1. What is the residue count in region 329-350 for residues that are assigned to a loop (DSSP other than H, G, I, E, B), within 25 Å of the chain's Cα centre (by Cα) and within 15 Å of ligand 1 (Cβ to nearest atom)?
2. From the list Val229, Val312, which one is away from ligand 2 (no atom under 16 Å from the Cβ), modelled with pLDDT of 95 or more and surrounded by 15 or more Cβ atoms within 10 Å (Cβ to Cβ)?
3. Which one of these does Ala416 not meet: (1) modelled with pLDDT of 80 or more; (2) more than 25 Å from the chain's Cα centre (by Cα)?
4. Is it true that some residue in region 131-153 is within 12 Å of ligand 1 (Cβ to nearest atom) and assigned to a helix (DSSP H, G or I)?
5. Can you say whether Asp199 is assigned by TED's automatic domain parsing to the domain that holds Arg305, acidic (Asp, Glu) and farther than 30 Å from Ala297 by Cβ, as far as the supplied structure shows?
6. What is the residue count in region 261-300 for residues that are on the phi < 0 side of the Ramachandran plot and within 16 Å of ligand 1 (Cβ to nearest atom)?
7. Let me confirm something: among Ile172, Ile114, Ile128, which residue is aliphatic (A, V, I, L, M), modelled with pLDDT of 95 or more and within 15 Å of ligand 1 (Cβ to nearest atom)?
8. Within region 29-45, can one find any residue that is in contact with a Phe, Trp or Tyr (Cβ under 6 Å, 6 or more places away or on another chain), modelled with pLDDT of 95 or more, crowded, with 18+ Cβ neighbours inside 10 Å and in a loop (DSSP other than H, G, I, E, B)?
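The values are calculated or read from the model by the stated rules, or taken from the named source; none is laboratory data. Computed from a predicted model, the values in this text were never measured in an experiment. Reconstructed Cβ throughout: ideal geometry from the backbone, glycine too, with neighbour counts over all protein chains shown.
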Amino acid sequence: MTLSHTASILDGIEKTPDILVPAALPEGTKASLAGLGRSEISEKLAAIGVPARELRMRTGQLWHWIYHRGVQSFDEMLNVSKEMRGILDQNFTLARPEIVSEQISIDGTRKWLIRMPPAGPHDKGAEIETVYIPESDRGTLCISSQVGCTLTCTFCHTGTQRLVRNLTSAEIVAQVLIARDRLGDFPGAVRPTDGLVPDAERAVSNVVLMGMGEPLYNFDHVRDAMAVVTDGEGLSLSRRRITLSTSGVVPMIERAGNEIGSMLAISLHAVRDELRNELVPINKKYPIKDLLEACRAYPGLSNARRITFEYVMLDGVNDSLKDARELVRLLNGIPAKINLIPFNPWPGTKYQCSDWGRIEEFSDVVFRAGYASPVRTPRGRDIFAACGQLKSETEKLRARARMMLEEGIGAEGVYALGSGED
Ligand code: SAH
Ligand code: SF4
């Protein structure tokens, strides 16, 4: 890694205001254990006086019930003594964040608007969206990593919502729990009859970090959350069934490979720096050449473990056949898949989706270069659940509120100032 890369990592961290993760819950509120990692559960148990010698065993029991069975009450934990269940119930809950709404598209796609617990008396609770995309033999859950996004890709609806805060690891995991609750995807549960749920063993067979936010700007929480989601004694999803999509935070790509180990998707969208600077402004910091260099070095990359390059089809902007030829030339030598995404419109956008004839011609060039079925069918457009259409009403804190937070003035005071204009 070069020195300039090290400097960039620091920039990245500056842009990742962990401080904006909610502080303590309001007094008198019981903490939920749902979504926590093993060490966090152990710490919580230790804090209520569970003896050190029992911590491992108790954590293992809880883990099984929370993540393998998906229970929502301590009473169901049959191999935990009645007394212990009572103590747990007095101190904790297994509550998930609130589902504000569930919408089902005509194509069976579901979108949940999820509200996090308020961080103070005047906080409404940050809201995010999570989308479930069923197919006949698999179900993909698209989860969010941040509330809003610091980046401002010009074709993305989330990019118009400024970053409110990072999600905690538990809040990222909770999206998987909520989806599995709603889809009857825990042992013995019943599948819903509305919408579409695949006739497969698992309703949620794949997870993509392609919802709101830039996952590599919330690295630690995303990594910790994926450790919970892939734990073989719990949710047990294979790392190969998880895809992390990044707009190109180059200095974090190697760490993502080593510490998260998921599949990687890159939001490329343009083959020339001049255009990519405009569409995906992070390109000004990490240009295409550096991005592709980091991709070539992605740990574990092989023909069986390819990087997906996402390319949104914008009419008259990036969709010429010259662009298509340049795309395959650029990716030459990188084990890659190419995903052409028809642009999904949103209110106020200046772009239009390329017409189908053009998408086909473009995809033919890509196909002839050896990439199979490269066009992603838009899903859930009617309920604004398609790629890049997610946005919540949650607004960033006012500048003054942010300043107070940074100066360490309690979260309550800050949230009391409420949201609003800067
Ligand atoms: N921040 C990450 C992950 C979330 S976006 C990233 O940018 O990769 C998931 C994918 O949807 C990205 O490839 C993004 O570029 C794409 N996307 C954003 N807005 C879109 C839109 N309006 N239509 C189609 N795809 C879009
Ligand atoms: Fe953020 Fe990704 Fe949207 Fe860009 S495309 S604004 S990085 S969510």
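1. 7
2. Criteria check complete, one pass: Val229.
3. (1)
4. Checked against the condition, which is being within 12 Å of ligand 1 (Cβ to nearest atom) and assigned to a helix (DSSP H, G or I), region 131-153 yields no hits at all.
5. Answer is yes for this residue.
6. Residues that pass the stated criteria total 27.
7. Just a single option satisfies the conditions, and that option is Ile172.
8. yes
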